[in-house]
Amino acid sequence: MSNPGSSGRLRRNGRLRHSRAAAWMLSHSAGTVKPFIELAKAQFTALQLPARSRELVILTVAEYTETTFVAAQHNPMSQAAGVDERTRQLIRSRQLDDAELSPHDSALLRFTAEIVQHPRIADDVFDTARQFLSERELVEALQVIGYYWTFGRISTVLDVEVTKIYGDEPILDAPDNGTSGRLPAVPSPPLRSPGTTGRS
């Protein structure tokens, strides 16, 4: 891992471009970065919610939060988990009631989209989701939604640019310099260049 204060970090229009940009941004919150990353790993190792359903949830959160970084990273992950391109297209076009979607997929996508957009969701949306998800899976889906909403806002507000598609590699590894998982004693990158709006 290169020092974020070195040539590994480049600025363009106020955006951070770094091979591990998201992790370096998170390292500003030194007390929470490692638990946040561990929670990310739990989304892939400790859920009863199937991987395909998890990826449907994440892609929907990315679409409705307009998070390019998350969408770009999870397109190949979702494909590996069994989400076909047509389903991804329907998510991107927000056609969550399309007849091409299975009842399960439509229910899960609508559940996710409603939660991202509203503090409470309609009874029919919730009841339909319950037809396909166990109580544990419902709560896990809520946690995935919340996690990727947060991660998405970190990437949009702090202008983390897509420079690499990780595929099966971990997107979030704690910045490390060979010290057994401890954060390196190097400065975190500036959140944004002074005077930038974060919008282009």
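For segment 121-162, state the semi-axes of the equivalent ellipsoid (square roots of 5 times the eigenvalues of the alpha-carbon gyration tensor), sorted largest first and rounded to whole angstrom.
Taking √(5λ) for each eigenvalue gives 29, 11, 7 Å, largest first.
Quick one: 3J(HN,Hα) in Hz for segment 56-67, Karplus 6.51/-1.76/1.60 with θ = phi - 60°, rounded, Gly and Pro as x.
Taking θ as phi minus 60°, the curve returns 4, 4, 5, 4, 5, 4, 4, 5, 7, 9, 6, 9 Hz for segment 56-67.
Add +1 for every Lys or Arg and -1 for every Asp or Glu among the other residues with Cβ under 10 Å from the Cβ of R110, and state the total.
Neighbourhood net charge equals -4.
For segment 72-145, what is the Kirkwood hydrodynamic radius in Å, using each pair of distinct C-alpha atoms?
Over segment 72-145, the inverse of the mean reciprocal pair distance is 13.0 Å.
Based on the Cα atoms of segment 57-108, what semi-axes does the equivalent ellipsoid have, where each is the square root of 5 times one gyration tensor eigenvalue, given in whole Å with the largest first?
17, 13, 9
Listed highest first by mean packing, meaning other Cβ atoms within 10 Å per residue, what order do 118-128, 133-143, 58-68 come in?
Ranked by mean Cβ neighbours within 10 Å, highest first: 58-68, 133-143, 118-128.
Read-outs: derived from the displayed coordinates by stated rules, not from any lab. Fair warning: this is a prediction, and the values are worked out from it, not measured in the lab. All Cβ positions, even for glycine, are placed from backbone atoms using ideal geometry, and neighbour counts span all protein chains on display.
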